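A quick write-up on the structure given underneath.
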Amino acid sequence: MRRKLVRSVTMRNNTENRRSAMRLVFAVGLVCAGICGAEAASPARFATDIVPILTKHGCNSGGCHGKATGRNGFKLSLFGFDPKFDYVSLVTEARGRRLFTSDPDRSLLLQKAVGRIPHGGGRRLERDSADYAVLRDWIRRGAVGPQAGDPVAVGITVFPKQQVLGTNVTQPLRVFAQFSNGVERNVTDRSVFEANDPQIAGVDEDGLVTTAAVGGQFAILVRYGDSIGVFQATVPFHPDQASGNLTASEAAGLSKIDGHLLLGWRRMGIRPSKDASDATFIRRATLDICGTLPTAKEITSYTSDRRQDKRARLIDRLLERDEYAGYFASKWSDILQNRGSGYSTRQQRAGTTLFSAWIRDSLAENKPYDKFVSEILTATGRQDQNPPTIWYRSVRTTPEYVESIAQAFLGVRIQCAQCHHHPAERWSQADYYSLAAVFARIGRKGGFADAEVPTDEIIYLKHEGQVVHPRSGEVMKPRPLGGPDFKLSRFDDPRRSLARWMTAPENPFFARTMANRMWGHFMGRGIIHPIDDARSTNPPSNPELLDELAREFVAGKYDVKHLIRVITNSAAYRLAAMPNDSNGDDVRNFARFYPRRMPAEVLLDGMSQVLDVPTVFPGGPGTFPSGTKAIDLPDENVAINFLDVFGRPARTSACECERTDAPALAQALELVGSKEIQRKLTAKEGFIEKLATNEISHTENVRNIFLRVMARPPRAEETKVAVQFLDGESDRGEAYRSLVWSLLATNEFLFNH
């Protein structure tokens, strides 16, 4: 009954219609409350009635009394996740002056809330509001606190759960809480609503969603107490072109991956861009798989190939090159925090290089991903003999264990749960410290301090070790996220149980996280984005696509190269970056290729390759062999300003967000004034000198330059302008230097597109 009534009130956003809709929906809620057995006249319970009111009006938010230090001597738990603590703070602290049961209206709680007494948070309630009446009645009845037998909310249902909406329309949301005593109650007026993308749609305090004049996908977070729900909606960019199904003939001619992509485009009412040119595709794939530019010979050979399967052949060739393992070893060294001894010393350590080499060798042999991760998690022994133990050099503390593992391998940001229940997900402090308990028996011995960082330790399993819940004092049992507790004897290593749980085919995080991470690497953004922030309030843009990628990865026995082949052979990866008239505003559904600036190391190596002058890395004689590439550096501890300016990460966390590609003024200045770039441009053995001294015509040189820099032949107009410029300069070497430098500074070179 309630579904039909609520669905019928979606309408255009005007004042009269909105009021009518809200009256109708609240009436439905009252009817449902009666049907479900709620007692309207029953006394308010602190945890399920009073705390939600405080949450609704922001009293326990992070910007008010819910922050770590409280506010003006009054502290509440963040979002009311600890009702017992809140009751003590509200009723017994400050000598009980906040409440007056004999005269509720004189209570400081109410007088400040309605603005009778100055309040830093301003007026939060009206005297004639329902929330004021509930608070007043609770105080009048003696301000009863949480009782052992009180029912608790065990979950909420948001209705509707999903919807396809038009632009500039409204959609009311209703929230029903299920309680431990079997009662279900309409708690819409006690719930908090937050939009994840206000540019597409907003939501007011009553749960009325209003879409804007643009298309896209959005989610509304709904919170009641410590229960969280989500409403997801799609606003097609072109509703007249949107549809929800593929015909049988369409589906039959597509791979499952491409079928999910096409279905996603249909839902959004967009059309994919045209396929990229051959020259663009070989440059894109070579950069993404090997971290290097294709040579002119490779480009010419590929563009002249007429075989239908040449893209697949190219991808296979790239995956067998040494550069593949080196490039992805650099990526995993970032995630696994394989860092040097710090910028204060700029010293290289054998352990860092050893771990980097182990990662590279694992990728070169195509070690299954589940084995790769398990060997790191369960590593024991000497760090100078068993390279995976070096992960424990940087990851040393309880927070580092939990947060690195959750973010790197499970795609979950659980940092918030260290201090309180996660405000936008189900993770509690118990989840956080139970995962930490897996590593409670990690022991360390031996080693020595190298610039205050222990080196060459022995990692072993201690006989004892425990993690205590900081709030309850309970000794936590080792448990994965979501439970249940591991069944362990005192002789078992909990890390092995974690590795088995994590790498099991049915694990809800492991394969999806890697599939999403690799999709994000090749497509510029994840299906869940950010790629390591999976939560109900950050849903995937195409859940069917992500599920299919994860299934493919598991079915392939965690073969990383197979996963790369699946992604790079997809319809999305071969699309041009140029938008068409339907997909220009879309940034989540991969109907075109999203250009992105090359990573710092790839960019520096690309310039070295174009100019035919390798980078000279500091570190003393013999530290780095001649010809070493930036992507082959074992850690971040190499003093190259160019890499720092262009976003090289410090490797202090498992988050890929440490690496940045945002534009900055310092980058422009580096392109102009970098001593390293100037050295490459003026080197006597470099490409510029060869151009200056050869006897080839300007026209042919310009063609060679464009193939080398842009991975394509020059257009007629470009050739004409370049040759005119070269003819007008008296210094041939300086002319070519200026031409090549100007091309290196263009977005076409700086970006992978």
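What's the magnitude of the charge dipole for the chain around its Cα centre, counting Lys and Arg as +1 and Asp and Glu as -1 at the beta-carbon? Answer in Debye, nearest 20.
1820 debye
How much net charge surrounds Glu365 when only other residues with a Cβ under 11 Å from its Cβ are counted (Lys, Arg +1; Asp, Glu -1)?
Neighbourhood net charge equals +3.
Expressed in nm², what is the orientationally averaged projection area of the convex hull enclosing the Cα positions of the range 151-235?
4.7 nm²
Could you state the principal axis extents of the C-alpha atoms in the range 684-752, from the largest down, to the nearest angstrom?
32, 27, 16
Would you order Val438, Val672, Val610, Val134 from fewest to most other beta-carbon atoms within 10 Å of each residue's own beta-carbon?
Val672, Val134, Val610, Val438
Which entries of Lys256/Lys310; Lys371/Lys462; Lys445/Lys561 have Cα-Cα distances beyond 31 Å here?
Values: Lys256/Lys310 21 Å; Lys371/Lys462 24 Å; Lys445/Lys561 38 Å.
Listed pairs above 31 Å: Lys445/Lys561.
When a/c is below 1.5 the answer is rounded, else prolate if a/b is larger than b/c, else oblate, so apply that to the range 46-140 with a ≥ b ≥ c taken from the square roots of the Cα gyration tensor eigenvalues.
Verdict is rounded for the range 46-140.
What distance in nm lies between label points placed 7 Å from Cα along the C-beta direction at Leu108 and Ser255?
Rounded to a tenth, the inter-label distance reads 6.6 nm.
With each run of n ≥ 4 DSSP H residues scored as -39500 (n - 2.57), what mean residue ellipticity at 222 nm is computed for the chain after dividing by its residue count and rounding to the nearest 500 deg cm²/dmol?
Calculated at 222 nm, the ellipticity per residue is -11500 deg cm²/dmol.
Label points 7 Å out from Cα along the Cβ direction at Lys557 and Ser243: separation in nm?
Placing both labels 7 Å along Cα→Cβ, they lie 4.1 nm apart.
Starting from the 7 Å offset along Cα-to-Cβ, what nm value, one decimal, do you get for the label separation of Thr92 and Ser742?
Distance between label points: 7.8 nm.
Could you derive backbone 3J(HN,Hα) for the range 186-199 from the dihedral phi with the Karplus parameters 6.51, -1.76 and 1.60 (θ = phi - 60°), listing whole Hz in sequence and x where the residue is Gly or Pro?
Residue by residue, the range 186-199 yields 6, 10, 4, 6, 10, 9, 10, 10, 9, 8, 8, 8, x, 5 Hz.
Convex hull over the alpha-carbon atoms of the range 248-300: what's its volume per residue in Å³?
Output value, Cα hull per residue: 116 Å³.
Over the alpha carbons of the chain, what is the largest minus smallest coordinate on each principal axis, giving the biggest first in Å?
100, 68, 53
Taking Cα atoms of the range 616-753, Rg/Rh with Kirkwood Rh, to two decimals?
Expressed as Rg/Rh, it is 1.02.
Enumerate by residue number the GluC sites (Glu not before Pro) in the range 174-211 meeting two conditions: DSSP loop (anything except H, G, I, E, B), and at most 14 other Cβ atoms within 10 Å of the site's Cβ. Each step should come with its number before you reach the end.
Numbers: sites: Glu184, Glu194, Glu205; in loops: Glu205.
Within the range 174-211, the qualifying GluC sites (Glu not before Pro) (loop, at most 14 other Cβ atoms within 10 Å) are Glu205.
Just add up the charged neighbours of Arg396: K/R +1, D/E -1, any other residue whose Cβ is under 11 Å from the Cβ of Arg396.
Neighbour charge sum, excluding Arg396 itself: 0.
Which Cα, out of Gly443, Ser129, Pro387, lies furthest along the positive dipole direction of the chain (beta carbon charges, K/R +1, D/E -1)?
Ranked along the dipole, the leading option is Ser129.
Aspartates and glutamates within cross-link reach of Lys629: Cα-Cα under 15 Å, excluding same-chain residues under 8 positions apart?
Asp322, Glu323, Glu601, Asp605, Asp612, Glu676
Assign unit charges at the C-beta atoms only (+1 for Lys and Arg, -1 for Asp and Glu), then state the dipole size of the range 684-752 relative to its Cα centre in Debye, rounded to the nearest 20.
240 debye
Can you tell me the dipole magnitude for the range 647-698 around its Cα centre, using point charges on the Cβ only (Lys, Arg +1; Asp, Glu -1), in Debye to the nearest 20?
Details: 8 positive and 8 negative charges, 34 e Å.
Rounded to the nearest 20 debye, it is 160 debye.
Taking only the C-alpha atoms, wrap a convex hull around the range 368-503 and report its volume per residue in Å³ as a whole number. Each step should come with its number before you reach the end.
On the way: hull volume 16.3 nm³, N = 136.
Spelled out: Cα convex hull of the range 368-503, divided by residues, is 120 Å³.
Which lysines, if any, have their Cα less than 22 Å from the Cα of Lys67, not counting same-chain residues under 8 positions apart?
Counting by Cα, and skipping residues close in sequence, Lys67 has these lysines nearby: Lys56, Lys75, Lys84, Lys112.
Using a Cα-Cα cut-off of under 17 Å, which lysines could be cross-linked to Lys684, ignoring same-chain neighbours fewer than 8 residues away?
Lys675
Lys and Arg at +1, Asp and Glu at -1: add these up for the other residues within a Cβ distance under 12 Å of Ile528 and post the number.
Once all neighbours under 12 Å are counted, the net charge is +3.
Each value in this text was obtained by applying a stated rule to the coordinates, not by laboratory testing. As the structure is a computational prediction, the values presented were derived from the model and not from experiment. In this analysis, Cβ positions are derived from the backbone assuming ideal geometry, glycine residues included, and neighbour counts consider all displayed protein chains.
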